[in-house]
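The values are calculated or read from the model by the stated rules, or taken from the named source; none is laboratory data. As the structure is a prediction and not an experimental result, all values here were calculated from the model. Cβ: placed from backbone, ideal geometry, glycine included. Neighbour counts: every protein chain shown.
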Amino acid sequence: MPPVEARQYTVNIQPAAEGGYWAEVPALPGCFAQAQTLEEVTATLRQLVEDHLAELMRRGETLPVEKPMQRTYSFPLIVRPRLR
């Protein structure tokens, strides 16, 4: 089997309500992970994505290509309302 070129997918990571972190790959529905640290959630998600893609290849399916996404930024915004 010829080597497969590397793929790049966007990962969204958020704090989990019960502690730790929750991560997902929007281009690969069903690929998500939860762990206590960023390192753990990243490693777990990487393994899940690799396994998912390997299974698609085993079945002869086309590997998903992520649609170009517009970059978004997330940050906390602290404001103090001004009374008029």
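Can you report the number of residues in region 1-54 which are assigned to a helix (DSSP H, G or I) and over 10 Å from the mean Cα position of the chain (by Cα)? Break it down stepwise before answering.
Taking region 1-54 as the starting set, the residues that turn out to be assigned to a helix (DSSP H, G or I) are 38-54.
Checking the rest, the ones that are also over 10 Å from the mean Cα position of the chain (by Cα) come to 38-40, 43-44, 47-48, 50-54.
The qualifying residues number 12.
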Exercise for review: Kindly check whether there is at least one residue in region 36-55 that is exposed (fewer than 10 other Cβ atoms within 10 Å of the Cβ) and not hydrophobic (A, V, I, L, M, F, W, C).
Suggested key: no
Study note, to complete from the structure: Condition set surrounded by 10 or more Cβ atoms within 10 Å (Cβ to Cβ) and part of a loop (DSSP other than H, G, I, E, B), scope region 56-74, selection nearest to the chain's Cα centre (by Cα): answer is E66
Check your understanding: What is the one condition in (1) out of contact with any strand residue (DSSP E or B) (no Cβ under 8 Å at 6 or more places or on another chain); (2) touching a residue at least 12 places away in the same chain (Cβ under 8 Å) that L77 does not satisfy?
Key -> (2)
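Conditions (1) under 20 Å from M57 (Cα atoms); (2) at pLDDT 95 or above, marked per residue:
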residue	(1), (2)
V11	no, no
P26	yes, no
P29	yes, no
Q34	no, yes
T37	no, yes
